[in-house]
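Inspection log for the structure reproduced underneath, given as structure tokens.
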Amino acid sequence: MDAPPFAYDFFLSRRGSVASVAQEVADVLTAENYRVRVQDYDFAAGGQFVRDIDDALKQARDLLILYSRDYHGSFWTQQEFHNFLAAVAAANGTRRIGLLRCDDDNPSGLLHSATYGDLHNVADPAERRRIILAVARGDAPATRPSPRIFGGTTMPPENRLFTGREAELDALHAALSSGTGRAALTQAAVHGLGGVGKTSLARAYVAQHGDEYGGVWWIAATGRLAIQAGLLDLARALDPALPADATAEHAAAKALATLRDRRGEAPFLLVYDNVPSPDLLDGLVPPRGAAVLATSRAPDWSSVAQEVFVDTLPEDAAVDFLLRRAERHDADGARRLAAALGCLPLAPDHAGATVKRAAIGFDDYARRVAERIQAEPPRGVAYPRSVAATFALAIEQAAHEAPAAETLLGLFCWFAPEAIPLALADADVMPEADREAAVMALRGVSLLTPAPEGACGPAVSVHRLVQTVMRARLAAGTTSSAALHQATARLRASFPYGYRDAAVWPICRQLLPHQQALVAHAAPGEDTADLAMLVDLAGCFLEGSGDAAGALPLFRRALDGCERVLGKEHPATLTSVNNLAGCMETLGDAAGALPLYRRALDSFERVLGKEEHPDTLTSVNNLATCLYSLGDAAGALPLFRRALDGRERALGKEHPDTLGSTNNLAGCMKALGDAAGALPLLRRALDSRERVLGKEHPDTLISVNNLAACMDALGDAAGALPLYRRALESSERVLGKEHPQTLIGVNNLAGCLYALGDAAGALPLFRRAADGFERLLGPEHPSSRTARANYAQCEHEVAAAPSGPTPRRHASRTGRQPSAAPWWRRWLR
């Protein structure tokens, strides 16, 4: 007699919560002369547990699962089931899986389709024995059809750390369930950047919904021959009698025909993993009878499949993934690392494994991210290829299709990852046709993704780790410095001067993150002229849009770079001196700004001449504003006259800078008591600015405010009131409610109401101005102190008045205007 092929009839797989049931089942089966392998008493104490499990799975004919709600929570029971499932598929019906339900949890996932008997709520020992033996014989009272075919030689194991993709799973299921009938062909394409988790998403879909299909087959679809090989394996699974010498092409056609001709059965699920492009599947999918799930980096599947885009993980999901992967509890460190890695699943998988195995912290890993993503990943991770290798392959593929692709990515890798304007790669970088081809090639492998169109026009985004890999490639080819300089030059040429014109602020806002990224990449002490001037432009935008505190360090860096690269008396350096001084003055440090203004004027006069050069005249004007701010209006007056006379000769009477000088001279005259002499100059400045700049240009609104102030000083508060209202309403619309110029308008309107006897109406405006200045400039800034004093005075009067304030026409308003800012224009670019 031949020896039996298996040493045991059953191996019992279970969690500890049903250990007593395991003993019961073993006793029942042993009494019927079944040979049973049970972990509880058949594994030697102190033995090799993993080896014993492996031996038991190989030596047992059938696997008997004692199912409980915690069964899926154990790594070992999952491994027992998955390994045995593969053995069943290869055994041609000689081995099987049975299941006994031990609590109220219904078998789920792939176990949903296994034959089972229900022990839950069955107390009678005889009935329990009958159910156990029925399952052992394979004729249990509750059965479900088992998929005839499941798997595929290349299907990866399920990722037990899979997280954060519920919406994508739902979208995928909706797409694959959208056929008009059970025999219809439905196709869905999961697409996204390499390493974003497309394969893991597809595998999770199989685990969650695989039991709903008549079969599941996974194919590595990296090329046409690979697909045919996967279909050949499917054909053998469908027809074990398939001739051994059948060609891959013939067998693939036979497998597709078999799926096409299925009748009255649930459709198959075919998974084509890592398809390079949609056209590769032409002729390699069945016309009906299947659902096809493709994963790909290619972004355009709209003509053949419903698309499911997979982006990076939500930050919370990436943090959770890192904590579980590394088995740590440092949530703050995990969040910092997730941000540094751009929440790309490939990178946290490698990082978490390294942190766990090397016993380092998340921050230790983050400090060397650029280096670590180049290294080979730890063994046993879900993503076996390094970040650098993953992206390098895609870069090379794009460059093969369009040679300019690597040049374009070499430009974009220096900017911020999000919303990079395509206009930065203009004709100075490459011809338009080459740029279009490069964008298409890079999008074809998901290295670029479209971003919402902004003020700069069409834009794209690049994952931060793609940028890191590209910078490393440039450094390896010794072209890193040239590429960085090109990126800086392009951004400097595109960055508009934003101090004077609020219309360009949307462009500045979109470009500002890219300026910040370039500064971060530049080595300390190695600024170029382009970088210094770019930083200066960013400072002008920040101060002009109301963030003088944010502008100050930029002006300091710009001046340091200009002095080092261009020299201390280069005109660009002197402009930078002026801009730094102006920002200090805006922030309340006029005394610190004065020597810088004097230095700039002395050098401009020496380098450019004393009279007619516009930059010299701007420096004259700026020194005058500083003297005025320090209380020396008499010393400022001749400088304002000199600036105006020179600008009229050099630039003409209606040049914006000339009109600024007209405005400034009038303001100084008013401060010295000559409001009547200032009034016609202010009317002239306003009329010209409305004509030249438009009625809502910030400079025009300054003129509106200043004319109102002069009328107010001459006793015509009623005539000034509508001008103050106009200036404030337009400033709120154009500059925003928290801009310093807007807050000055709030304060001045309040002062006019106060002068007209409406202290109650003025009080909330004075408070808004005081609170706004303190938030923006700090409580010690002169504007903040003045606005707070105005509010306190008004509040005291409102509180003291028994029935409202006494009307007044000529109230004292010393210090009511919180700063000289509405009067003065400093800049010239």
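The values are calculated or read from the model by the stated rules, or taken from the named source; none is laboratory data. No experiment lies behind these values; they were computed from the predicted model shown. Cβ atoms come from the backbone with ideal geometry, glycine included; neighbour counts cover every protein chain shown. Protein only, heavy atoms only, side chains kept; ligands, DNA and RNA dropped before computing areas. Shrake-Rupley method; radii C 1.70, N 1.55, O 1.52, S 1.80 Å.
State all residues of the stretch 335-386 that are among the aliphatic types (A, V, I, L, M), part of a helix (DSSP H, G or I) and open to solvent by 50 Å² or more (accessible area, probe 1.4 Å); if no residue qualifies, say none. If the condition is that a residue be among the aliphatic types (A, V, I, L, M), part of a helix (DSSP H, G or I) and open to solvent by 50 Å² or more (accessible area, probe 1.4 Å), then ALA358, ALA370 are the ones that fit.
Would you confirm, using the coordinates I've provided, whether HIS521 is touching a strand residue (DSSP E or B) at 6+ places or on another chain (Cβ under 9 Å) and within 30 Å of ALA370 (Cβ to Cβ)? No.
Residues that are modelled with pLDDT of 90 or more and open to solvent by less than 10 Å² (accessible area, probe 1.4 Å) within the stretch 198-222 comprise LEU201, ALA202, TYR205, VAL206, VAL216, TRP218, ILE219, ALA221, listed in sequence order. Apart from one condition, THR814 fits all of (1) open to solvent by 70 Å² or more (accessible area, probe 1.4 Å); (2) over 21 Å from PRO722 (Cα atoms); (3) at pLDDT 90 or above; the exception is (3). Taking the stretch 577-651 and the helices (runs of 4 or more DSSP H) fully enclosed by it, the elements with 2 or more residues that are free of Cβ contacts under 8 Å to residues at least 24 places away in the same chain and in contact with a helix residue (DSSP H, G or I) (Cβ under 6 Å, 6 or more places away or on another chain) are at 590-608, 633-651. The number of residues in the stretch 401-422 being more than 16 Å from ALA459 (Cα to Cα) and of a type in the set (Asp, Glu) comes to 2. Scanning the stretch 416-437 for residues that are outside any helix (DSSP H, G or I) and under 25 Å from LEU465 (Cβ atoms) gives ALA416, PRO417, GLU418, ALA419, ILE420, PRO421, ALA425, VAL429, MET430.
Within the stretch 58-78, the residues that satisfy the criterion of being crowded, with 16+ Cβ neighbours inside 10 Å and closer than 18 Å to PHE10 by Cβ are ALA60, ARG61, ASP62, LEU63, LEU64, ILE65, LEU66, TYR67, SER68, TYR71, THR77. Taking every residue in the stretch 237-264 that is more than 17 Å from VAL285 (Cα to Cα) and pairing it with any residue that is assigned to a loop (DSSP other than H, G, I, E, B), at least 6 positions away or on another chain, yields no pair with a Cβ-Cβ distance below 6 Å.
Rundown of residues vs (1) small (Gly, Ala, Ser); (2) free of Cβ contacts under 8 Å to residues at least 60 places away in the same chain, yes/no style:
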{"residue": "PHE321", "(1), (2)": "no, no"}
{"residue": "ARG325", "(1), (2)": "no, no"}
{"residue": "ARG336", "(1), (2)": "no, yes"}
{"residue": "LEU341", "(1), (2)": "no, no"}
{"residue": "LEU344", "(1), (2)": "no, no"}
{"residue": "ALA358", "(1), (2)": "yes, yes"}
{"residue": "ALA370", "(1), (2)": "yes, no"}
{"residue": "LEU411", "(1), (2)": "no, no"}
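For the condition more than 13 Å from LEU63 (Cβ to Cβ), of a type in the set (Asp, Glu) and at pLDDT below 80, what is the one hit in ASP27, ASP40? Of ASP27, ASP40, the one residue that is more than 13 Å from LEU63 (Cβ to Cβ), of a type in the set (Asp, Glu) and at pLDDT below 80 is ASP40. The residues on offer are ARG725, ARG733, ARG768, and the sole one that is open to solvent by 10 Å² or more (accessible area, probe 1.4 Å), over 17 Å from GLY546 (Cβ atoms) and of a type in the set (Lys, Arg) is ARG725. Note on the stretch 406-427: residues that are open to solvent by 10 Å² or more (accessible area, probe 1.4 Å), closer than 17 Å to PRO452 by Cβ and of a type in the set (A, V, I, L, M, F, W, C) amount to 4. Any idea which residue in the stretch 545-584 is surrounded by the fewest Cβ atoms within 10 Å (Cβ to Cβ), counting only those that are over 27 Å from VAL734 (Cβ atoms) and of a type in the set (Val, Ile, Thr)? The qualifying residue surrounded by the fewest Cβ atoms within 10 Å (Cβ to Cβ) is VAL565.
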